[in-house]
Amino acid sequence: MEQNNYQGALQKPLGSGFNATSTTSEVIKGVELTGKIAIVTGGNTGIGLETVQTLAAAGATVIVPARDIEKAKKNLGHLTNVEIEEMDLASPDAIDVFATKFLSSRRPLHLLINNAGIMWVPLRKDSRGIESQLATNYLAQFQLTARLWPALKKANGARVINVSSHGHQFAPFNFEDPNFEQREYETLLGYGQSKTATNLFSLELDNRVKDFGVRAYSLHPGSIGGTELGREAPLALFIKMGFCDENGNMLPEVAASLKNIPQGAATTIWCASSNLLNNIGGVYCEDADIAPLAADKEMSAGVKAYSLDEANAKRLWTLSETMTGVAFHID
């Protein structure tokens, strides 16, 4: 019987031997990536930068598309095996230009790591009228993956790793009003539905592409200190969520629960390189293993079943093609 992860059928930890404190250096140990080509979005800062450094040190050639080329050169210029290209995920045209340039190199693509994302932003919509977190965190992933499909297929063994979040539990995907046209905007609801979309996409993508030797995964990197993800968040929001006191000081118990950046990027590296995943895909991972299914109660450990629902995954694929204008045909 053909296996897939619809309804979370495969959401069971494998006993990888790693945990929440495992780092990228521990996860990559013994892995050789010479000759492999990787693309990492958001690869010039935070866990994306750690991901690029780890893959390059293991021998991979890593392409980093960046909106701010000078910042990318500053942060990545010391690395060998790294190429910097221009791309703004908020611009559909820029995604197409980047993908076309890469395809023109006629290289295979072994690893596509859709790492970039935004969070805690006010209501913004792009030129298409799409809410910015949905556009950047998910629809850009869908479009870039679709455009790079010929190179993924050419690799004869590729993985697509989509960085999601435990924050998918903030909200299921709202098919009736994804762009907050009829409901009041709440930034965490926008973030939550964008990450639920990432999980549904990874689920459906894996089922459609596995016969071509391509597998897809989504993951929660953990709550991480030292990234730029919260750069636009007002202090009042952090206070409301119980992260900070009224002076903006992070509460000690919150600080103690955070991963550092090498720990935060470890699950991405595990999804990209672990042999335990050679014959399994479409799963949501955390702490360098497959995550369990979450309980029904609010904000519990693991992954919510609604973000692994077959009907929603297929419905989202069709909606994504409509919203982006990109027909993602697998052949």
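The values are calculated or read from the model by the stated rules, or taken from the named source; none is laboratory data. Keep in mind that this is a model prediction, so the values were computed, not measured. Please note: Cβ atoms are built from the backbone with ideal geometry, for glycine as well, and neighbour counts cover all protein chains shown.
Matching residues to (1) outside any loop (DSSP other than H, G, I, E, B); (2) of a type outside the set (Gly, Ala, Ser):
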site	(1), (2)
16	no, no
44	no, yes
48	yes, no
51	yes, yes
55	yes, yes
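If a residue has to be part of a strand (DSSP E or B), under 29 Å from residue 33 (Cα atoms) and more than 12 Å from the chain's Cα centre (by Cα) to count, how many in the stretch 120-161 make the cut? Even if it seems obvious, please write down each step before you answer.
The initial filter retains those residues of the stretch 120-161 that are part of a strand (DSSP E or B), namely 125, 131, 158-161.
Cutting the leftovers down to under 29 Å from residue 33 (Cα atoms) gives us 158-161.
Right, trim to more than 12 Å from the chain's Cα centre (by Cα) and you get 158-159.
Here the count works out to 2.
Do we have residue 84 as closer than 25 Å to residue 218 by Cβ, crowded, with 17+ Cβ neighbours inside 10 Å, within 20 Å of the chain's Cα centre (by Cα) and assigned by TED's automatic domain parsing to the domain that holds residue 38 here? Give the derivation first.
Working: closer than 25 Å to residue 218 by Cβ: no; crowded, with 17+ Cβ neighbours inside 10 Å: yes; within 20 Å of the chain's Cα centre (by Cα): yes; assigned by TED's automatic domain parsing to the domain that holds residue 38: yes.
The answer is no for residue 84.
For residues in the stretch 279-320 being free of Cβ contacts under 8 Å to residues at least 12 places away in the same chain and farther than 16 Å from residue 195 by Cα, which is surrounded by the most Cβ atoms within 10 Å (Cβ to Cβ)? Reasoning before the result, please.
Here is the first cut: in the stretch 279-320, the residues free of Cβ contacts under 8 Å to residues at least 12 places away in the same chain are 279, 295-297, 301, 311, 318.
Cutting the leftovers down to farther than 16 Å from residue 195 by Cα gives us 279, 295-297, 311, 318.
On the way: 279: 9, 295: 12, 296: 8, 297: 6, 311: 10, 318: 9.
Among them, the one singled out is 295.
Given 103, 109, which one is closer than 22 Å to residue 163 by Cα and at pLDDT 95 or above? Please lay out each step first, then the result.
Numbers: 103 fails: closer than 22 Å to residue 163 by Cα.
That would be 109, the only listed residue that is closer than 22 Å to residue 163 by Cα and at pLDDT 95 or above.
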It is to be established whether one or more residues within the stretch 98-119 are farther than 27 Å from residue 207 by Cβ, part of a loop (DSSP other than H, G, I, E, B) and among the aliphatic types (A, V, I, L, M). yes
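Looking only at the stretch 13-29, count how many residues are within 17 Å of residue 215 (Cβ to Cβ) and not aliphatic (A, V, I, L, M).
Total meeting the criteria: 1.
Would you mind stating whether residue 73 is in the same structural domain as residue 152 (by TED's automatic domain parsing), out of contact with any Cys (no Cβ under 9 Å at 6 or more places or on another chain) and free of Cβ contacts under 8 Å to residues at least 12 places away in the same chain?
Yes.
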Mind listing just one residue for me: the one in the stretch 44-70 that is without any contact (Cβ under 8 Å) to a residue 60 or more places away in the chain and of a type in the set (D, E, K, R) and, of those, farthest from residue 140 (Cα to Cα)? 70
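Restricting attention to the stretch 87-97, which residues are among the hydrophobic types (A, V, I, L, M, F, W, C) and either more than 20 Å from the chain's Cα centre (by Cα) or not in a helix (DSSP H, G or I) (or both)?
Here is the first cut: in the stretch 87-97, the residues among the hydrophobic types (A, V, I, L, M, F, W, C) are 87, 89-90, 94-95, 97.
Result: 87, 89, 90, 97.
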Somewhere in the stretch 44-63, is a residue of a type outside the set (A, V, I, L, M, F, W, C), in contact with a Pro (Cβ under 9 Å, 6 or more places away or on another chain) and in the same structural domain as residue 137 (by TED's automatic domain parsing)? yes
